[in-house]
Amino acid sequence: MASRVDALYIFLLLVTGAMALLVFACVAFFAARFRHRPGVRAEQIEGSNALEITWSAIPFLIFMAIFGWGAFVFFQERTPPADAAEVYVVAKQWMWKVEHAEGQREINELHVPVGRDVKLIMTSQDVIHSFYIPAFRIKQDVLPGRYTVEWFRATKPGVYHLFCAEYCGTQHSGMVGSIVVQQPADYEAWMNGASTGPLSASGEKIFAELGCSTCHRSDTQGRGPNLQGVFGKPVQLDDGRTVTADENYLRESILDPGSKRVKGFQPIMPTFQGLVSEEQVNDLVAYIKAISLSKPINGAKTSANRAVSGDSSDTEGQTPPLPSGSKVQ
Ligand code: CUA
């Protein structure tokens, strides 16, 4: 993203620089050319359509070019590729906690391999922070109570600054860290170092421990909706709305189940606000995604469930097993 942001920024500098030079040159030229001379009266000129159209149309075209270019870069920056590696970030006063989908946890550091798209799914435990990597030209507020997302693809190995860019209290200026970009082989070695198992496996455990699996069963008999295949799909709500089951919807449904209740189900689910930590919510979200997106858990393949989506095309005709050790019946 950096080269695209820089190109637009340099273009803006050149345009504004050229305009400033033009203005100052005109001021100097006209001051000399039309200075007061004894006995000479100024001639008044009233209106010139050609001149007015020119000085309106040219700036208009330049501004539209900047707008179009800026919108293009913005949409690229706001649209993570679908196959990006996912990393969960939890901000708190005053540190960054990072959880890789594969299970590695870090504090104030984020290891990534060179050349891979990385999507950060971020939330805060307390106040508003902002995840800012100047070298990558990306910055995104990290808010309590919801997920925000940013993404990047590191192109050069090295260690890059990570800053908190939103004043968040006394130690705000100390809420810094490093993005460590490694060659794929080094990254693999680092990854194999200290894994506690994938997030989705932790999520599966929490899902069973909290008793979620007694209601969210994989057949149609459960008192809660079947969660297999639900991620990324539209969900019909009781109040007639349709929402997409994205990370924020899953999160909201865990912490405030009454807010967007699935059509056909009773408001019987208790809130888990205060019962699960931000990390555990991330684990649960990762688990629900895993049973929806055919991502491997403990090496076992899972898949979207036909019964939920009613669409067999997204399962590509496979009938894969449930995740190993799954408590869903
Ligand atoms: Cu966190 Cu400033």
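Every number in this text was worked out from the coordinates using simple rules, so none of it is lab data. In this text, all values refer to a predicted model and were calculated from it rather than measured experimentally. Don't worry about glycine lacking a Cβ; one is built from the backbone with ideal geometry, like all the others, and counts go over all protein chains shown.
General observations
- Based on C-alpha pairs under 8 angstrom that are at least 6 apart in sequence, the chain has a relative contact order of 13 percent.
- Farthest towards the positive end of the charge dipole of the chain, among the residues W151, L210, F265, is the Cα of W151, using unit charges on the Cβ of Lys, Arg, Asp and Glu.
- Farthest toward positive dipole pole in the chain [+1 Lys/Arg, -1 Asp/Glu at C-beta], among G47, A165, V235: G47
- In this structure the amide hydrogen of R217, modeled in the peptide plane, comes within under 5 Å of the amide hydrogens of G222, R223, G224, none closer than 5 places in sequence on its chain.
- Residues M19, M1 arranged by fewest to most Cβ contacts within 10 Å: M19, M1
- With Cα atoms as the point set, region 171-244 shows a radius of gyration and Dmax of 19.8, 53 Å.
- Using only Cα coordinates, the Kirkwood hydrodynamic radius of the chain works out to 23.5 Å.
- Taken about its Cα centre, the chain carries a charge dipole of about 560 debye when Lys and Arg each add +1 at the Cβ and Asp and Glu each add -1 at the Cβ.
- Long-range tail of P(r) for region 1-86 (Cα pairs > 14 Å, %): 79 percent
- Cα-centre dipole for region 124-198 with unit charges at Cβ (Lys and Arg positive, Asp and Glu negative), debye to 20: 200 debye
- Size descriptor for region 45-154, Kirkwood hydrodynamic radius: 16.6 Å (Cα pairs only, one decimal).
- Ordered by the number of other Cβ atoms lying within 10 Å of each residue's own Cβ, fewest first, R223, R137, R33 fall into the sequence R33, R223, R137.
- The mean sequence distance of close C-alpha pairs (under 8 Å, at least 6 residues apart), as a share of the length of region 1-125, puts its relative contact order at 20 percent.
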